[in-house]
Each structure stands twice: as structure tokens, then as C-alpha cells.
Amino acid sequence: MLTQWQAGGTKWSENERTSIFSKKGGDIVFVGTNEHSVDAKGRVIVPAKYRSELGEGFYIIRDFTGKDCLRVYPKEAWGAFIEKFKNVPMGNLNVQRFIGMIVAGAEAGDIDSQGRMLLKSEFKGQVGIEKNVAIVGNIDHFTIWDVAKWKEFDNETRKMVDENPEIFDMLANLGI
């Protein structure tokens, strides 16, 4: 059974909700959720549809918004992300420390000939990844979660959406 979301008197099915994001004008777009296993060497298969978007490598960081997941950015999206940090005044020491933490924790990587990426044990330990992962599209990047943590987060988010219909008012104001 598909979960329903209501926006401005219109109900969207899950399929309709996830299809509102589409690739246009060459923008990088990651959508969908895929489950894979991490092998004994810490490698995980990257979905084929994501591999083409990653192009010539990526950057991986621990999520900095309080979620137990990793964020993976193609080099182009990482550059745009980092560019925004250049606007933070040097005198804002707390934000500069935060930026330093993000940048110091980043790792560059690439996809091997088998379509896999390496998840270093440090990263896996920081977010509790053991064997099975969910690889989740998030428009300009994707996240990697322990599959049980992803399912818990996804269920909590669906409940939050159901309890806060004003979310759709905000989206409508953005033209979505």
C-alpha cells in the first residue's frame, strides 16, 4: 500500500512524490533508494544510475546535520558545496571551526572497475554501518546508511510529514 501525502487538497502517491525531481539542463540528480551489502574489504556496489553521475570521482564525508549516514558528492557538486564556505567571514570562528571539521573529515574516492566504492572502516564506525546499506538519492549527492537506521529514519520522516501538512504549503510557495 502506498503512503499518501496531501498538499493543497491534492493527495500524492509515493511514486508521484519521488518523481517531482527530474534531470534538466545537465544538472546532477540522484534519486531513489537501493540496498546493497558491504563486502569483507569494505567495498559496496554503487548503483549504475549513480556511477554515471559521479563521473571522475567523488568526495565522501560524515553527515553534519545529526543523521547517522555518509554523504557522497560528485567532484562538481563538492566544488559548489565548498565554494559556499568561502563566503563565511574569517572572524566567525565557530563557523570556521565547523567548516574545518567538514573539510578535514572529507576523503576523495573513485569507483573501481567492478563499480564499487570503498567505505573506510573509520567512516563505517562513525555511522554504524555493518553489512547492509541503503544508498539514498538526495538530489545533488547521495547518502549511505546502515539499512536498519535508514528504515527507522524514513519511517520517522513519513510520520513527521503526516503530522505537519504545512510542509506542503512551503513547497507550494516554492512552486513545487
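We did not get these values from a lab; they are worked out from the coordinates using the rules stated. Model, not experiment: these values are computed from the prediction. Virtual Cβ from ideal backbone geometry, glycine too; neighbours counted across all protein chains shown.
Lys-Lys pairs in region 30-167 that are eight or more residues apart or on separate chains and whose Cα atoms lie under 20 Å of each other come to 21. Straightening the chain between ALA172 and ASP63 buys 36.5 nm, computed as 0.36 nm per residue apart minus the Cα-Cα spacing.
If the segment from GLU156 to LYS84 were pulled out straight at 0.36 nm per residue, it would be longer than the present Cα-Cα gap by 22.9 nm. According to the Cα-based calculation, Rg over Rh for region 45-84 is 1.00, with Rh computed by the Kirkwood formula.
For region 87-160, the square roots a ≥ b ≥ c of the C-alpha gyration tensor eigenvalues yield an a/c of 1.5 or more together with a/b not exceeding b/c, which makes the shape oblate.
By definition, a body whose alpha carbon gyration tensor gives a ≥ b ≥ c is rounded when a/c is under 1.5, and region 13-162 falls into this rounded group.
Modelled spin labels at PHE98 and GLU122, positioned 7 Å past Cα toward Cβ, are 2.2 nm from each other. For PHE142, nonlocal amide neighbours, meaning residues 5 or more places apart or on other chains whose placed amide H falls under 5 Å from its own, are VAL72. Applying a DSSP loop filter and a limit of 15 other Cβ atoms within 10 Å to the GluC sites (Glu not before Pro) in region 55-130 leaves GLU56, GLU130. Ranking of PHE30, PHE153 by neighbouring Cβ atoms within 10 Å, starting from the fewest: PHE153, PHE30.
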